[in-house]
Amino acid sequence: MGMSMGMSSGDDNSTMAPSHHHPTSSASHSHDHMMMMMPMTFYFGFKNVELLFSGLVINTAGEMAGAFVAVFLLAMFYEGLKIAREGLLRKSQVSIRYNSMPVPGPNGTILMETHKTVGQQMLSFPHLLQTVLHIIQVVISYFLMLIFMTYNGYLCIAVAAGAGMGYFLFSWKKAVVVDITEHCH
């Protein structure tokens with residue numbers, strides 16, 4: 001026990017943080033489990049890799065391959081969800097208002113510039129659906145962040161590659177809005 005911070009030096013469990021047992025604690029096993037230190041540098045491995053939940057542990061190359069595919073698909077789904085929400089928002093916009101205003105034109109002329117303003121009703125099914133989809137999107141984004149924060153190279157690549165593939169597959173349909181009255185080209 002010569003190492004500082006109470007860590008043992010001889011066993012394979014040197015990744016354990018110092019133990020802070022409370023004698024009255026009935027959940028000391030789960031407390032010890034929570035004290036495992038996370039890696040703080042990127043690594044490529046598939047032994048004892050916890051994935052989001054304590055019961056979801058990767059220990060074989062096959063399990064890592066399965067996790068890679070699942071994380072890749074989750075990241076793709078996240079990108080698709082973002083694009084789908086934008087499309088649903090455009091379809092559900094109800095109150096459209098046009099505002100025209102005079103702007104100076106060339107040689108002292110006056111041009112009329114028209115702007116379209118759209119809105120949505122708060123107590124409506126489309127807004128409720130957007131809210132539920134937003135919650136799902138936020139939860140998935142945090143899951144992807146936490147997966148990346150495992151610092152496991154395979155899982156990090158799965159997040160980045162899945163997000164890239166999702167963007168490639170889903171965002172090409174995104175309409176580009178061009179304002180034909182824009183004067184600065």
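On a 1.4 Å probe surface of the protein chains, which of Glu50, Glu113 comes out largest in accessible area, and what is the full order?
Result, largest first: Glu50, Glu113.
If the chain between Leu133 and Asn48 were fully stretched, how many nm would it gain, using 0.36 nm times the residue separation less the Cα-Cα distance?
Using 0.36 nm per residue and subtracting the Cα-Cα distance, I get 27.3 nm.
Does the range 124-171 come out rounded, prolate or oblate, given a ≥ b ≥ c as the square roots of the eigenvalues of its C-alpha gyration tensor, rounded meaning a/c under 1.5 and, failing that, prolate meaning a/b above b/c?
Verdict is oblate for the range 124-171.
For Ile83, what accessible area in Å² do you get when you roll a 1.4 Å probe over the heavy atoms of the protein chains, rounding to the nearest 10?
Accessible area of Ile83: about 30 Å².
The values are calculated or read from the model by the stated rules, or taken from the named source; none is laboratory data. Keep in mind it's a predicted model, so treat the numbers as computed, not measured. Please note that ligands, DNA and RNA were not included when accessible areas were found on the heavy atoms of the full protein model with its side chains. Shrake-Rupley method; radii C 1.70, N 1.55, O 1.52, S 1.80 Å.
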